[in-house]
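Chemist: One structure is given below, represented as structure tokens, and several questions about it will come after.
The values are calculated or read from the model by the stated rules, or taken from the named source; none is laboratory data. If you're wondering where the values come from, they're calculated on a predicted model, not measured in any experiment. Cβ placement follows ideal geometry from the backbone for every residue including glycine, while neighbour counts extend to all protein chains displayed.
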Amino acid sequence: MKPYRVLLYYIYSPIENPEQYREEHHLLCLNLNLLGRVIVAPEGLNGTVSGLAADCEAYMAALHADPRFAGIDFKIDEADEHAFQKLHVRVKKEIVHSDLPVDPLRQTGIHLDPEAFRDLKNDPDVVLVDMRSNYEHAVGKFKGAITFDMENLRELPDHVHEIEHLRDKKIITYCTGGIKCEKASAYLLARGFENVYQLHGGIIKYGMEAGGEDFDGQCYVFDNRVTVPVNHVNPEVLSTCYRCGTATSRMINCASPTCNNHVTLCESCGDAHAGTCSDACKDDAQLRPYDGTGYYGKKTQDYSPMQGYKSRQGQQIGVLLNDE
């Protein structure tokens, strides 16, 4: 068993004072030596963090002990090391950017657990709809799924017309961890679609609990790993190398900070072209050193639990860890 854990979770549960809770949550993460990203909003929490197994267990126990967050369903993966290089705990308007006029606590699609999804996905009356960004589904998606060429969920209203002709079908939405589908499925219902479902726990939970059957390629994740395998039953490589066209699921950020595009790049081309997606990017004067991963997060220096926190009363304990 690997020593570290990566936790992915969200919950729609009202938080009365997000600013105050943000500080409490930030200190909790610091005390448990966790790194990652957590969004606090009036509508709830959205987080993905990494840490040693015992620290992650303590973190999950602390959140479950809070009545507001007792229902959090954590997706737990193993790792050899931290999946993040810094810590962000921030207050935002929404826990996932959408600007959609919906409230998942009032209405959302019917939740399908991984086993129910596996049994239903091949029904001829079912249509799978990917609610992720274009660069995410470029590296992996379910067989036969409809995808939208959108950068983020805010663009969903511009693409709904692409599935208007499927109103008589059962629409199953899916995303990485389920959070986008809470609002996306609610939006489809508001637009008059009647049979709307969502994969509860998303692609990650489906891979962990139901084997990931019929998910081609890999799943894009927002941490150092960049992509993770999902399908342990009938895996296929979906994407090709941006430079040479050979089959690969290996995704990186271009080493040119000016570009920084998400691209699939095989190991051979990564080494040959210094982790860049084009010759023009390779000539960038600010080119970042390529270490084979294609991940360029800023590292937190000399990390310790008491570093980086300033209390609400103004008593300084340290300097915020890259949190501004």
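Chemist: Give the residues of the range 265-285 that are in a loop (DSSP other than H, G, I, E, B), aliphatic (A, V, I, L, M) and over 11 Å from R243 (Cβ atoms), sorted by residue number.
Modeler: Here is the first cut: in the range 265-285, the residues in a loop (DSSP other than H, G, I, E, B) are 265-266, 273-278, 283-285.
Cutting the leftovers down to aliphatic (A, V, I, L, M) gives us 265, 274, 285.
Within the range 265-285, A274, A285 meet the criteria.
Chemist: Looking only at the range 97-121, how many residues end up being under 14 Å from I172 (Cα atoms) and either touching a Pro at 6+ places or on another chain (Cβ under 7 Å) or in a loop (DSSP other than H, G, I, E, B) (or both)?
Modeler: Total satisfying the criteria: 4.
Chemist: Show the residue pairs that are 6+ apart or on different chains and have beta-carbon atoms under 8 Å apart, the first residue being within the range 159-178 and in contact (Cβ under 8 Å) with a residue 24 or more places away in the chain and of a type in the set (D, E, K, R), the second being in a helix (DSSP H, G or I) and surrounded by fewer than 23 Cβ atoms within 10 Å (Cβ to Cβ).
Modeler: Between residues of the range 159-178 that are in contact (Cβ under 8 Å) with a residue 24 or more places away in the chain and of a type in the set (D, E, K, R) and residues that are in a helix (DSSP H, G or I) and surrounded by fewer than 23 Cβ atoms within 10 Å (Cβ to Cβ), the close pairs are K170/L120.
Chemist: Next question. With farther than 13 Å from A184 by Cα and either free of Cβ contacts under 8 Å to residues at least 60 places away in the same chain or basic (K, R) (or both) as the only criterion, which of R68, R132, R154 stands out?
Modeler: Numbers: R132 fails: farther than 13 Å from A184 by Cα; R154 fails: farther than 13 Å from A184 by Cα.
The unique qualifying residue is R68.
Chemist: Residues that are charged (D, E, K, R) and outside the structural domain of I179 (by TED's automatic domain parsing), at least 3 per element: which strands (runs of 3 or more DSSP E) completely within the range 1-81 meet that? Quick ask: steps written out before the conclusion?
Modeler: Details: elements: 4-12, 35-41, 44-52, 75-79.
Correct list: 75-79.
Chemist: Another one. Could you give every pair whose Cβ atoms fall below 7 Å, whose first residue belongs to the range 202-223 and is under 18 Å from T48 (Cα atoms) and basic (K, R), and whose second residue is in a helix (DSSP H, G or I) and modelled with pLDDT under 95, counting only separations of at least 6 or pairs across chains?
Modeler: none
Chemist: Given the condition more than 30 Å from E155 (Cα to Cα) and over 16 Å from the mean Cα position of the chain (by Cα), answer yes or no: does some residue in the range 42-51 qualify?
Modeler: yes
Chemist: State which residue is farthest from P157 (Cα to Cα) when the search covers only the range 96-118 and only residues that are of a type outside the set (A, V, I, L, M) and surrounded by fewer than 16 Cβ atoms within 10 Å (Cβ to Cβ). Steps first, answer last, please.
Modeler: As a first pass, look at the range 96-118 and keep what is of a type outside the set (A, V, I, L, M): 97-99, 101, 103-104, 106-109, 111, 113-115, 117-118.
Narrowing further to those that are surrounded by fewer than 16 Cβ atoms within 10 Å (Cβ to Cβ): 97, 99, 101, 103, 106-107, 113, 115.
Numbers: H97: 13, D99: 10, P101: 11, D103: 16, R106: 20, Q107: 18, D113: 27, E115: 30 Å.
Restricting to residues being of a type outside the set (A, V, I, L, M) and surrounded by fewer than 16 Cβ atoms within 10 Å (Cβ to Cβ), the top hit is E115.
Chemist: For I172, state whether it is assigned to a strand (DSSP E or B) and under 22 Å from the mean Cα position of the chain (by Cα). Even if it seems obvious, please write down each step before you answer.
Modeler: On the way: assigned to a strand (DSSP E or B): yes; under 22 Å from the mean Cα position of the chain (by Cα): yes.
The answer is yes for I172.
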